[in-house]
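Trainee: Handing you this structure, nothing more for now.
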Amino acid sequence: MENVEDYKHALDVSAIVAITDQKGTIIHVNDNFCKISGYSPAELIGQDHRIINSGYHPEEFIKGLWKTVANGKVWKGEMRNRAKDGSIYWVDTTIVPFLNSRGKPYQYVAIRSDITERKKGEEHIKKINEQAVRHTRELEYKNRQLVDFCNIVSHNLRAPLINISMLVDYLEQCTDDADRMEVQGKMRPVVDHLLEIFNELVESVQVRQDIGIKADNIHLGECLDRIMVGFDPQAREYGAEITAEFGVPVVSFPRKYMESIFSNLISNALKYRHPERVPRIEVQSRKTDRGILLSVADNGLGIDLQRHRDHLFKIRKTFHKHVDAKGLGLFMTKTQVEAMGGKIWAESTPGKGSVFFVEIKEKDHEEH
Amino acid sequence: MKNIKNLMLVDDDEIFVYLTKRTISETSLVDRIEEFDNGQDALDFLKHNRENPDRLPEVILLDLNMPIMDGWQFLEEFSSLKTPTKNRIRVYICTSSISPDDASRAKTMSEVTDFIIKPFTKGKLTEMIKEI
């Protein structure tokens with residue numbers, strides 16, 4: 001019997017021990033149990049073990065536990081309990097049923113160890129991991145933007161610079177004045193074009209960095225009306241019909257960007273109207289589970305997205321032969337929308353028309 | 001040295017087209033230059049003159065960055081074009097792009113004779129024409 005006493009002593013010193021009867025009423029607790037739960041033995045003995053329940057585990061979990069031990073089997077698991085002062089602790093638990101001569105449990109011995117610190121560590125790691133994944137995604141996105149930007153710079157600035165260089169070479173070789181005048185005359189438009197692209201790129205960098213730009217409460221109808229003033233002569237000339245249906249009438253967005261979005265999308269819709277029909281443009285806003293969706297739909301020439309999808313919002317990618325098709329507008333619009341955490345994309349059927357979608361986040365949607 | 005009867009210039013850059021035409025005419029090595037500012041029009045011309053070897057170019061100078069149909073898209077359709085003299089047409093990609101991806105992509109295409117980065121000089125042009 002000496003050995004059993006030693007065993008019991010060793011157990012009491014190293015583990016948290018509680019014994020309940022078959023109904024779950026506490027009949028014995030050791031010192032460690034009292035220490036971790038904050039209750040005295042007198043407060044525990046005679047109580048239902050549920051006194052340390054924290055309400056964290058779902059019903060199925062508890063039912064499963066009881067079913068196991070009531071059938072005479074040992075149950076092992078991690079449990080989250082509540083101490084007397086309301087604080088939370090986690091324990092690694094083994095519950096051993098003791099069976100009578102008829103094979104039915106008459107008492108349960110629960111042996112536990114404190115794993116609160118470990119659990120805290122696990123939760124912390126999980127949170128850090130999630131943060132790391134989020135950051136990585138953000139960085140990948142920013143990197144893609146940077147690569148795109150570098151490509152744009154090298155493509156769009158190099159070409160006019162080459163032209164200027166070639167024209168200068170030619171000038172140096174020109175022998176007569178008339179020739180020289182002709183070549184010289186070709187330089188100004190190239191220089192202007194270069195300047196324009198350069199300014200656009202600089203502005204897009206500023207937009208990207210100005211993420212602290214203030215968002216205004218914009219009444220979409222008013223905003224659209226205001227930019228339509230500029231398009232009035234064109235709209236009248238083409239007999240264009242422009243309708244607006246703002247399911248979400250007010251949004252929180254920088255006014256300057258919203259005006260730019262409307263301006264560029266309406267301009268596109270008018271510019272690429274179908275020659276054989278009256279241009280009809282529908283502007284809408286509605287709420288979705290991801291935020292607010294703006295759309296500008298037209299019945300114009302449409303765009304062959306299979307061919308052009310990847311190039312739609314890059315600089316100087318035009319899809320139709322059009323005198324004014326400089327292709328700068330959509331690039332800036334995309335930069336502005338994305339700087340605000342939004343998305344812009346298009347759907348189109350060549351010959352039928354296009355719809356441009358802009359998805360923006362709702363105010364206070366994301367709190368960091 | 002034999003002249004080139006037809007040369008096709010596919011490039012939307014007005015200045016480049018202007019200067020190239022001038023340079024070419026100064027070499028007196030090319031009889032006729034057809035110019036197109038996008039791949040689609042160039043392709044249509046080739047299709048239209050499929051049975052007309054007299055009008056088909058021996059040399060195509062192809063830009064990559066063009067509206068409506070760019071250089072790569074042109075090459076894709078060009079490769080599936082059935083023309084009797086197609087195999088004798090030498091396509092030179094002439095681009096302002098310094099992207100190594102473009103250069104390596106050009107290497108994978110059998111239709112492309114060479115990949116030239118703009119600007120290219122009169123000397124290079126003459127050399128090219130002499131190679132034919």
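Trainee: Could you work out [θ]222 nm for the protein assembly as shown from helices alone, using -39500 (n - 2.57) per DSSP H run of at least four and dividing by all its residues? Round to the nearest 500 deg cm²/dmol.
Mentor: Details: 16 runs with 227 residues, N = 500.
About -14500 deg cm²/dmol.
Trainee: Now a separate question. Quick check: the distance between the Cα centres of the stretch A:1-48 and the stretch A:80-154, to the nearest angstrom?
Mentor: Each part's Cα centre sits 28 Å from the other's.
Trainee: Still on this structure, I have one more. Return the sequence-ordered ³J(HN,Hα) values of the stretch A:17-26 in whole Hz as given by the Karplus equation 6.51 cos²θ - 1.76 cosθ + 1.60 applied to θ = phi - 60°, using x for Gly and Pro.
Mentor: Values, residue by residue: 10, 9, 10, 10, 7, 5, 8, x, 7, 6 Hz.
Trainee: A follow-up question, please. Take the cross-link list A:K314/B:K122; A:K214/A:K271; A:K35/A:K120; A:K120/A:K142; A:K352/B:K107; A:K314/B:K5 and give me the ones stretching past 28 Å between alpha-carbons. Write out the running numbers ahead of the final one.
Mentor: Details: A:K314/B:K122 33 Å; A:K214/A:K271 31 Å; A:K35/A:K120 20 Å; A:K120/A:K142 33 Å; A:K352/B:K107 38 Å; A:K314/B:K5 38 Å.
Pairs exceeding 28 Å: A:K314/B:K122; A:K214/A:K271; A:K120/A:K142; A:K352/B:K107; A:K314/B:K5.
Trainee: Could you list the trypsin sites (Lys or Arg not before Pro) in the stretch B:1-90 that lie in coil according to DSSP, counting only those with at most 14 other Cβ atoms within 10 Å of their Cβ? Spell out each step's value before the answer.
Mentor: Values: sites: B:K2, B:K5, B:K21, B:R22, B:R32, B:K47, B:R50, B:R55, B:K82, B:K86, B:R88, B:R90; in loops: B:K2, B:R50, B:R55, B:K82.
Answer in residue order: B:K2, B:K82.
Trainee: Quote the accessible area belonging to A:I27 in square angstrom, nearest 10, computed with a 1.4 Å probe and with ligands, DNA and RNA left uncounted.
Mentor: My reading of the accessible area for A:I27 is about 80 Å².
Trainee: Please name the residues of the stretch B:8-55 whose accessible area, counted over protein heavy atoms with a 1.4 angstrom probe, falls by no less than 50 Å² between the chain alone and the full protein assembly.
Mentor: By number: B:I15, B:Y18, B:L19, B:R22.
Trainee: May I pose another question? Roughly how many Å is it from the Cα centre of the stretch B:17-72 to that of the stretch A:273-305, as a whole number?
Mentor: After rounding, the separation between the Cα centres reads 37 Å.
Trainee: Related question: Holding the Cα-Cα limit at 24 Å, pick out from A:K186/B:K47; A:K287/A:K343; A:K76/A:K104; A:K84/A:K127; A:K76/A:K119 the pairs that are longer than that. Numbers along the way, then the final one.
Mentor: Details: A:K186/B:K47 33 Å; A:K287/A:K343 15 Å; A:K76/A:K104 19 Å; A:K84/A:K127 28 Å; A:K76/A:K119 16 Å.
From A:K186/B:K47; A:K287/A:K343; A:K76/A:K104; A:K84/A:K127; A:K76/A:K119, over 24 Å: A:K186/B:K47; A:K84/A:K127.
Trainee: Still on this structure, please answer the following. Relative contact order of chain B, please, whole-number percent, based on alpha carbon pairs below 8 angstrom and at least 6 residues apart.
Mentor: On the way: 195 pairs, mean separation 33.1, N = 132.
Across chain B, relative contact order equals 25 percent.
Trainee: Let me ask something else about it. Scan around A:N53 for amide H atoms under 5 Å from its own, H built in the peptide plane at 1.01 Å from N, and keep only partners 5 or more places away or cross-chain.
Mentor: A:R82
Trainee: In whole percent, and with a 1.4 Å probe on the protein chains, what portion of the accessible area of chain A is carbon and sulfur? Write down the numbers at each step before the final one.
Mentor: Numbers: 11370 of 21910 Å².
Here carbon and sulfur together make up 52 percent of the probe-accessible area.
Trainee: When all alpha-carbon pairs of the stretch A:256-312 are counted, what percent fall beyond 19 Å? Walk me through the intermediate numbers first.
Mentor: Values: 673 of 1596 pairs.
More than 19 Å apart: 42 percent of the Cα pairs in the stretch A:256-312.
Trainee: Specify the residue with the greatest mean-square fluctuation among A:K256, A:K67, A:K186, computed from a Gaussian network of chain A linking alpha-carbon atoms under 10 Å apart.
Mentor: Among A:K256, A:K67, A:K186, the largest mean-square fluctuation in the Gaussian network model of chain A belongs to A:K67.
Trainee: Tell me whether the stretch A:192-253 comes out rounded, prolate or oblate; compute the Cα gyration tensor, take square roots of the eigenvalues as a ≥ b ≥ c, and use a/c under 1.5 as the rounded threshold.
Mentor: Working: a/c = 3.75, a/b = 1.25, b/c = 3.01.
Since a/c reaches 1.5 but b/c is at least a/b, the shape of the stretch A:192-253 is classed as oblate.
Trainee: With both bridge residues required to lie in the protein assembly as shown, what share of the DSSP beta bridges run antiparallel, to the nearest 5%?
Mentor: Numbers: 53 of 78 bridges.
Antiparallel: roughly 70 percent of the beta bridges in the protein assembly as shown.
Trainee: Working out 0.36 nm times the residue gap between A:C150 and A:A10, then minus their Cα-Cα distance, what length gain in nm do you get to one decimal?
Mentor: On the way: separation 140, 0.36 × 140 = 50.40 nm, distance 6.97 nm.
Net length gain for the segment: 43.4 nm.
Trainee: Out of all DSSP beta bridges with both ends in the stretch A:1-141, state the antiparallel percent to the nearest 5. If you can, show how the numbers build up before the last one.
Mentor: Numbers: 28 of 28 bridges.
Close to 100 percent.
Trainee: Right, something else. How much accessible surface does A:R255 have with a 1.4 Å probe, in Å² rounded to 10?
Mentor: 80
Trainee: Carbon-plus-sulfur fraction of the accessible area of chain B, 1.4 Å probe, in percent? Could the numbers behind the result be given before it?
Mentor: On the way: 2890 of 6220 Å².
Percent of accessible area from carbon and sulfur atoms in chain B: 47.
Trainee: Averaged across B:63-72, how many Cβ atoms of other chains sit within 10 Å of each residue's Cβ atom?
Mentor: Working: counts 1, 1, 6, 2, 11, 9, 4, 4, 0, 0.
The mean count of partner-chain Cβ atoms within 10 Å per residue comes to 4.
Trainee: Each residue of the stretch A:203-210 in order: what ³J(HN,Hα) in whole Hz does its phi give by Karplus 6.51 cos²θ - 1.76 cosθ + 1.60, θ = phi - 60°, with x for Gly and Pro?
Mentor: Residue by residue, the stretch A:203-210 yields 4, 5, 5, 4, 4, 4, 8, 8 Hz.
Trainee: Using only the alpha-carbon atoms, what does the stretch B:1-84 span along each of its principal axes? Please give whole angstrom values in decreasing order.
Mentor: 33, 30, 16
Trainee: Between chains B and A, what is the buried accessible area in Å², counting both sides, with a 1.4 Å probe and ligands, DNA and RNA left out, to the nearest 100?
Mentor: Values: alone 7340 and 23040 Å², together 28130 Å².
So the buried area, both faces added, is about 2300 Å².
Trainee: Ranked from the most accessible area to the least, with a 1.4 Å probe and all protein chains present, what is the order of B:I15, B:I117, A:I125? All intermediate terms of the calculation are to be shown ahead of the outcome.
Mentor: Values: B:I15 20, B:I117 70, A:I125 105 Å².
Descending order: A:I125, B:I117, B:I15.
Trainee: Please get the size of the charge dipole for the stretch A:149-303, origin at its Cα centre, with Cβ charges of +1 on Lys and Arg and -1 on Asp and Glu, quoted in debye to the nearest 20. Don't skip to the end; give the middle numbers.
Mentor: On the way: 17 positive and 23 negative charges, 145 e Å.
Around 700 debye, computed over the stretch A:149-303.
Trainee: Which sequence of A:F98, B:F115 reflects their accessible areas, 1.4 Å probe, from the largest down? List each step's numbers first, then the result.
Mentor: Numbers: A:F98 80, B:F115 45 Å².
From most accessible down to least: A:F98, B:F115.
Trainee: Let me ask you something else. Which whole-number percent is the relative contact order of the stretch A:60-102 (Cα, under 8 Å, 6+ apart)?
Mentor: Working: 47 pairs, mean separation 15.7, N = 43.
Averaging sequence separation for qualifying contacts and normalising by length gives 37 percent for the stretch A:60-102.
Trainee: Per residue, what accessible area does the protein assembly as shown have, given a 1.4 Å probe and all protein chains present, in Å²?
Mentor: 56
Trainee: Here is a follow-up. Highest GNM mean-square fluctuation, chain A, Cα pairs closer than 10 Å: which of A:A83, A:A297, A:A215?
Mentor: A:A83
Trainee: Now, a different point. Quick one: ranking A:V147, A:V91 by accessible area, 1.4 Å probe, largest first, what do you get? Please report the intermediate quantities before stating the final value.
Mentor: Numbers: A:V147 75, A:V91 0 Å².
Most to least solvent-accessible, the answer reads A:V147, A:V91.
Trainee: Give me the accessible area of A:R277, 1.4 Å probe, in Å² rounded to the nearest 10.
Mentor: Solvent-accessible area, nearest 10 Å²: 90 Å².
Trainee: I need the P(r) histogram for the protein assembly as shown: all alpha carbon pairs, bin width 10 Å from 0 out to the longest distance, whole percents.
Mentor: Each 10 Å bin holds this share of Cα pairs: 3, 14, 17, 14, 11, 9, 8, 8, 7, 5, 2, 0, 0.
The values are calculated or read from the model by the stated rules, or taken from the named source; none is laboratory data. Fair warning: this is a prediction, and the values are worked out from it, not measured in the lab. Heads up, the Cβs are rebuilt from the backbone with ideal geometry, glycines too, and the neighbour counts pull from every protein chain shown. For the accessible areas, the whole protein counts, side chains as well, though only heavy atoms, and no ligand, DNA or RNA atoms are used. Shrake-Rupley method; radii C 1.70, N 1.55, O 1.52, S 1.80 Å.
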